[in-house]
Amino acid sequence: MADVNIIIDGKTLSVPAGTTVLEAARANGIRIPTLCFLKELDPRASCRMCVVEIEGARTFQHACATRVREGMVVHTDTEAVRDSRKLTLELLLSNHAVDCHHCLRIGSSRCDDLDPKFCEMCFFCDCVKDGFCELQALAREYKVDVLPFSQKHNTYPLDDSTVIVRNPNKCIKCRRCVDVCGKVQTVHNLAASGRGSELLIGPAFGRSMAESGCIGCGRCVEVCPTGAIHAMEHKDELVYYAHRDGLKTAALVDADVIPELERVLKLQPGSVTPEQIAGSLKKIGTDEIYDAAGAEKAAEAEAEALLAEKLEGQRPVILTNSFAAKAFLEKNFPERKESFVFYGSAVAQFGSALRGQADRLFAVTPVGNDASETEKTHPVDITVNPRELARIMIRTGSEPNPKRTAELKVLPVPQPGGKFGRLLEKAAWSMARDAAPERFTVGELKCVICHNLGQAREVLESGEAFDVIRVIG
Ligand code: SF4
Ligand code: SF4
Ligand code: SF4
Ligand code: FES
């Protein structure tokens with residue numbers, strides 16, 4: 001597509017026709033704040049945080065939904081734009097159960113004089129998203145110190161019927177969760193009901209998550225900008241058991257938590273190592289720390305054995321180690337159950353290898369893994385995500401330190417032979433619902449990796465012939 005010439009904040013840019021103002025700005029290092037926008041999905045344009053001034057337009061325009069035009073002149077950070085964004089935040093927060101201190105001193109603050117460092121240590125005013133919340137970060141950035149409108153928020157009960165916890169009193173109705181559940185995962189478990197201030201985002205007919213069609217994939221948790229949907233937390237339990245004398249504890253550390261940990265602790269990318277995390281866990285009393293890479297190898301070895309056996313008499317084989325994908329496949333494709341092969345995740349391998357040898361098992365994993373294994377099926381006692389780990393570290397004074405490292409043990413488990421090559425290598429979940437599933441061959445085998453459940457549905461319904469279909473949950 002041809003390029004068009006535009007000016008953003010005085011910078012002359014040449015960008016592909018059809019891109020939005022937001023994409024053009026981001027591609028050129030110009031930041032425009034967003035709340036409802038999700039990369040790779042169609043914009044909802046509902047939150048008004050991304051408003052910009054476009055010369056010749058009579059009103060502010062949404063940068064996320066406005067396409068560039070030849071000669072367009074855009075201003076992203078004028079006083080009027082900033083005032084508009086601040087008003088948006090004030091309105092959102094006046095209808096919000098503010099339980100945190102970091103939006104400076106908004107409404108519900110229960111301490112008279114606040115020191116942000118102290119707040120991070122305190123257990124009193126606690127929102128799971130405190131310190132990691134997009135709404136809070138914007139409230140700080142736009143200096144929303146005092147709310148000009150009277151605070152009136154709904155007092156819906158907390159839905160903690162599963163490990164995916166919903167707190168509608170912190171929902172800003174951005175609908176990111178609705179889109180990721182419906183458009184990416186094709187589960188369609190979440191929707192809006194009611195109107196105006198009574199508008200509620202959740203499962204249909206006011207059902208709890210346990211009663212709903214939720215498969216526990218945790219993708220809504222990943223995209224929610226506030227504390228309105230979050231994974232059940234276990235950080236306090238981990239500290240409690242790790243500290244306790246006479247209990248033997250073991251932890252699995254997945255190095256994939258490092259980028260998020262560095263981000264929330266505001267550390268340089270690449271500065272934290274698994275050995276430093278192990279050092280921190282040792283400091284709070286964990287007895288043994290294991291490397292998740294070894295557990296992943298064990299998962300691969302199990303998958304290899306099961307796959308080789310199944311391929312003797314069955315094509316295609318539909319392979320996954322995600323509890324959420326298992327629930328999705330069983331619910332949506334029950335007629336294909338003869339094709340399913342489920343193998344244990346790295347956490348499951350760790351759980352079965354160490355169960356009986358330690359009194360409490362912990363797993364430090366990215367958030368998706370936490371949410372995708374329900375309380376009943378979870379193979380370890382406590383799972384924490386990188387944000388919980390960061391808060392454990394802050395509260396116990398055990399932040400990553402190059403001078404405090406510990407060795408990570410390798411699980412004594414079978415190692416794979418590698419005969420299925422990249423089919424069983426680590427593969428990432430992806431938001432991109434339009435991106436093609438990854439097709440390739442391994443010897444004679446025609447294989448495909450589906451990076452989300454929407455892709456899995458598309459492949460399974462397409463009738464395209466494969467020998468192995470691997471599904472990432
Ligand atoms: S969701 Fe964000 S703004 Fe709301 S209480 Fe929690 S941290 Fe504060
Ligand atoms: S956990 Fe997954 S299935 Fe359940 S509501 Fe969230 S996105 Fe939908
Ligand atoms: S639950 Fe979170 S992601 Fe969903 S609409 Fe509310 S704030 Fe947005
Ligand atoms: S990010 Fe554009 S309106 Fe929400």
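Every number in this text was worked out from the coordinates using simple rules, so none of it is lab data. All figures in this text were calculated on a predicted structure; none of them were measured in a lab. When we count neighbours, we look across all protein chains shown, and the Cβ atoms used for this are built from the backbone with ideal geometry, even at glycine.
Let me check against my output: what whole-number percent is the relative contact order of the chain, with C-alpha pairs under 8 Å and at least 6 apart?
The normalised contact order for the chain reaches 14 percent.
Work from the charge dipole of the chain (Cβ charges, +1 for Lys and Arg, -1 for Asp and Glu, about the Cα centre) and give the residue of ASN28, VAL74, HIS96 farthest towards its positive end.
VAL74
Roughly speaking, what is the stretch gain from SER14 to ALA2, that is 0.36 nm per residue apart minus the C-alpha to C-alpha distance, in nm to one decimal?
3.3 nm
Considering the options ILE469, LEU138, ALA298, tell which one lies farthest towards the positive end of the dipole of the chain, charges being +1 on Lys and Arg and -1 on Asp and Glu at the Cβ, about the Cα centre.
Final value for the positive-end residue is LEU138.
What list do you get for SER352, SER345 if you sort them by fewest beta carbons within 10 Å?
SER352, SER345
Could you list which residues have their amide H under 5 Å from that of MET49, counting only those 5 or more apart in sequence or on another chain, with H placed in the peptide plane?
LEU35, CYS36
To the nearest 20 debye, what is the magnitude of the charge dipole of the chain about its Cα centre, counting +1 on the Cβ of each Lys and Arg and -1 on the Cβ of each Asp and Glu?
Value, rounded to 20: 720 debye.
If you average 1/r over all unlike Cα pairs in the chain and invert the result, what Kirkwood radius do you get in angstrom?
Averaging 1/r across every pair of different Cα atoms and inverting gives 24.3 Å.
Counting other beta carbons within 10 Å of each residue's own, what order do ARG387, ARG422, ARG457 fall into, fewest first?
ARG422, ARG457, ARG387
Report the one residue of VAL257, GLY270, HIS243 whose Cα lies farthest in the direction of the positive end of the charge dipole of region 239-299 (charges on C-beta: Lys and Arg +1, Asp and Glu -1; origin at the Cα centre).
HIS243
Between GLU79 and LYS39, what length comes free when the chain is fully extended (0.36 nm per residue of separation minus the Cα-Cα distance, one decimal in nm)?
Here the answer is 11.7 nm.
Which pairs in the list LYS248/LYS331; LYS39/LYS297; LYS11/LYS129; LYS337/LYS446; LYS248/LYS310 are over 30 Å apart, alpha-carbon to alpha-carbon?
Violating the 30 Å limit, Cα to Cα: LYS248/LYS331; LYS39/LYS297; LYS11/LYS129; LYS248/LYS310.
Work out how much length ALA305 to ALA204 would gain on full extension: take 0.36 nm times their residue separation and subtract the Cα-Cα distance, in nm to one decimal.
Using 0.36 nm per residue and subtracting the Cα-Cα distance, I get 32.2 nm.
Below 15 Å, Cα to Cα, which aspartates and glutamates can LYS170 reach? Residues fewer than 8 away in the same chain don't count.
Cα-Cα hits under 15 Å: GLU90, ASP99, ASP126, ASP130, GLU134, ASP159, ASP160, GLU198.
Looking at the chain only, what percent of DSSP beta bridges run antiparallel? Nearest 5 please.
Rounded to the nearest five, the antiparallel share is 50 percent.
For GLU338, put the label point 7 Å out on the Cα→Cβ axis and report which residues of region 299-315 keep their amide N under 19 Å from it.
In region 299-315, the label zone of GLU338 (backbone N under 19 Å from the point 7 Å along Cα→Cβ) covers 307-315.
Out of the trypsin sites (Lys or Arg not before Pro) in region 177-266, which ones are loop residues according to DSSP with at most 16 other C-beta atoms within 10 Å?
Here the trypsin sites (Lys or Arg not before Pro) that fit, given the DSSP loop and packing criteria, are ARG195, ARG207, ARG244, LYS248, LYS266.
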